[in-house]
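**Q** Mind looking over this structure? Questions follow.
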Amino acid sequence: MQKIEFAKSAQSTIGVEWEIALVNREDADLCSVAEDVLDQLKDDAGLSHEDEHPTVKPELLMNTVEVVTGVHKTVASAAEELRTNVRMLNDVAGEHGVDLYCAGSHPFAAPTLQPVTDKDRYAKLIDRTQWWGRQMVIYGVHVHVGLDSRDKALPITDGLINYQPHFQALSASSPYWGGEDTGYASQRSLMFQQLPAAGIPFHFNSWSEYEAHIADMLHTGVIDDVSEIRWDVRPVPRFGTVEMRICDGLSSLDDIAAITALTQCLVHDMSMSIEAGYKIPVMPAWFRVENKWRAARYGLDAIIILNAQGDEMLVTDHLRAEVKRLAPVAEQLGCSEELQGIIRLIETGAEYQRQRKVFAASGGDFKAVVRDNVERMKSI
């Protein structure tokens, strides 16, 4: 049996990971200069090129970097760290003739032409997954929330999957793929699940059952390390967190703060419920799959399945009710203002809606879609 230790973590602390693309200022296409940008950041920080930068990391593709925070107690402090680091990244990227861009996908770049970062684990991924792996020109936002007990990890994973359509609808920002309108709000979410060990997690009744699953995956060569499991929500034993990985990339720091606040509030509320003896409901497997598809297809217009009884509601109506229900939790955690950002996001519209409006207003210019996104990244 593969024994997996779950690190100690302070309850409801947070960390955020923000995947960001580099685009050429001249033609708005993706530009594979991440290594040059990272090397300059290391030089500026007094690090050797062999060192890892503390807050800006390489990713699968050479057109991508990932900005990460440390551990924070409040959404406001995590957002401020992101702001500082993205401004730093913006300055350095500009010296290399590139801008920062973040959405679930790039609207017109050719996916299979993007160079992969020179790391063994990435090479192995592409070799194994072939065509699907070469399609992974996608960007997301991940939120970690600390758990003070391993026993909460799997129930809260199930609980966050109940909210998968909510997060997917709010963050959906990948309607275009390779120069085509897919008809979906989030092409990224359906593309990413094609990788082995990605997509909706399985339900486990106990930690030992989860350990047995990991042992089987290691034994059969599906993964070489537990970190290679890329579920939409996953326990992260080495950090002592649960990680919400559902969201498409976002170009607004206010939207990221709102998403982070909703994640933190839900996890804290579930944690307190577990301590009070309440069991997190587990949605039937096909409801979970259906909800993901509906949110990916219809975004904020999705009608979602709420429970095992099959009751349904417009996702935005349920979100409004949840923001109201979670208001006392947000006050306790110090993120009331950020949680209210969910309502603002609903009212102003999601990124996929904005992209389609910009595309129509520009007479069908995908570069205008990219440049609109870039301007928001510059204003952070």
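**Q** Given the conditions (1) surrounded by fewer than 19 Cβ atoms within 10 Å (Cβ to Cβ); (2) within 28 Å of Thr112 (Cβ to Cβ); (3) in contact (Cβ under 8 Å) with a residue 40 or more places away in the chain; (4) touching an Asp or Glu at 6+ places or on another chain (Cβ under 8 Å), report the number of the one that Ala76 does not fulfil.
**A** If we test Ala76 against (1) surrounded by fewer than 19 Cβ atoms within 10 Å (Cβ to Cβ); (2) within 28 Å of Thr112 (Cβ to Cβ); (3) in contact (Cβ under 8 Å) with a residue 40 or more places away in the chain; (4) touching an Asp or Glu at 6+ places or on another chain (Cβ under 8 Å), just (2) comes out false.
**Q** Among the residues of region 262-293, write down those that are loosely packed, with under 14 Cβ neighbours inside 10 Å, free of Cβ contacts under 8 Å to residues at least 12 places away in the same chain and not aliphatic (A, V, I, L, M).
**A** Glu275, Gly277, Tyr278, Trp286
**Q** Residues to consider are Ala296, Ala330, Ala360; find the one that is at pLDDT 95 or above, open to solvent by 20 Å² or more (accessible area, probe 1.4 Å) and either aromatic (Phe, Trp, Tyr) or assigned to a helix (DSSP H, G or I) (or both). Please lay out each step first, then the result.
**A** Numbers: Ala296 fails: open to solvent by 20 Å² or more (accessible area, probe 1.4 Å); Ala330 fails: open to solvent by 20 Å² or more (accessible area, probe 1.4 Å).
Exactly one residue qualifies, and that residue is Ala360.
**Q** Among the numbered criteria (1) of a type outside the set (Lys, Arg); (2) at pLDDT 95 or above; (3) over 28 Å from Ala78 (Cβ atoms); (4) open to solvent by 10 Å² or more (accessible area, probe 1.4 Å), which one does Ile200 miss?
**A** (3)
**Q** Quick one: Gln340 ticks every box in (1) surrounded by 14 or more Cβ atoms within 10 Å (Cβ to Cβ); (2) part of a loop (DSSP other than H, G, I, E, B); (3) out of contact with any Ser or Thr (no Cβ under 8 Å at 6 or more places or on another chain) except a single one, so which number is it?
**A** Every listed condition holds for Gln340 apart from (2).
**Q** Mind checking whether some residue in region 62-85 is assigned to a loop (DSSP other than H, G, I, E, B), under 23 Å from the mean Cα position of the chain (by Cα), closer than 18 Å to Asn373 by Cβ and not basic (Lys, Arg)? Step through it out loud before you land on a result.
**A** Taking region 62-85 as the starting set, the residues that turn out to be assigned to a loop (DSSP other than H, G, I, E, B) are 62-63, 69-71, 73-74.
Narrowing the set further to residues that are under 23 Å from the mean Cα position of the chain (by Cα) leaves 62-63, 69-71, 73-74.
From what's left, closer than 18 Å to Asn373 by Cβ: 63.
If we keep only those that are not basic (Lys, Arg) as well, we get 63.
Looking for residues that are assigned to a loop (DSSP other than H, G, I, E, B), under 23 Å from the mean Cα position of the chain (by Cα), closer than 18 Å to Asn373 by Cβ and not basic (Lys, Arg), one finds at least one in region 62-85, hence yes.
**Q** Same structure, new question: Pro54: free of Cβ contacts under 8 Å to residues at least 24 places away in the same chain and open to solvent by 20 Å² or more (accessible area, probe 1.4 Å), yes or no?
**A** It is true that Pro54 is free of Cβ contacts under 8 Å to residues at least 24 places away in the same chain and open to solvent by 20 Å² or more (accessible area, probe 1.4 Å).
**Q** With the checklist (1) more than 12 Å from Leu160 (Cβ to Cβ); (2) more than 14 Å from the chain's Cα centre (by Cα); (3) touching a residue at least 40 places away in the same chain (Cβ under 8 Å); (4) open to solvent by 10 Å² or more (accessible area, probe 1.4 Å) in hand, flag the one item Asp255 doesn't pass.
**A** Unmet for Asp255, out of (1) more than 12 Å from Leu160 (Cβ to Cβ); (2) more than 14 Å from the chain's Cα centre (by Cα); (3) touching a residue at least 40 places away in the same chain (Cβ under 8 Å); (4) open to solvent by 10 Å² or more (accessible area, probe 1.4 Å): (2).
**Q** Could you say whether any residue in region 38-58 is of a type in the set (D, E, K, R), under 28 Å from Ala261 (Cβ atoms) and part of a loop (DSSP other than H, G, I, E, B)?
**A** no
**Q** If you scan region 120-160, which residues turn out to be of a type outside the set (Gly, Ala, Ser) and farther than 19 Å from Phe192 by Cβ?
**A** If the condition is that a residue be of a type outside the set (Gly, Ala, Ser) and farther than 19 Å from Phe192 by Cβ, then Asp120, Val145, Leu147, Asp148, Arg150, Asp151, Lys152, Leu154, Pro155, Ile156, Asp158 are the ones that fit.
**Q** May I ask you to list the residues in region 30-58 that are within 22 Å of the chain's Cα centre (by Cα) and either farther than 20 Å from Glu81 by Cα or among the basic types (Lys, Arg) (or both)?
**A** The answer is Leu30, Cys31, Ser32, Ala34, Lys57.
The values are calculated or read from the model by the stated rules, or taken from the named source; none is laboratory data. This structure is a prediction, so every number in the text was calculated from the model and none was measured. All Cβ positions, glycine included, derive from the backbone under ideal geometry; neighbour counts span all protein chains shown. With ligands, DNA and RNA removed, areas are computed over all heavy atoms of the protein, side chains included. Shrake-Rupley method; radii C 1.70, N 1.55, O 1.52, S 1.80 Å.
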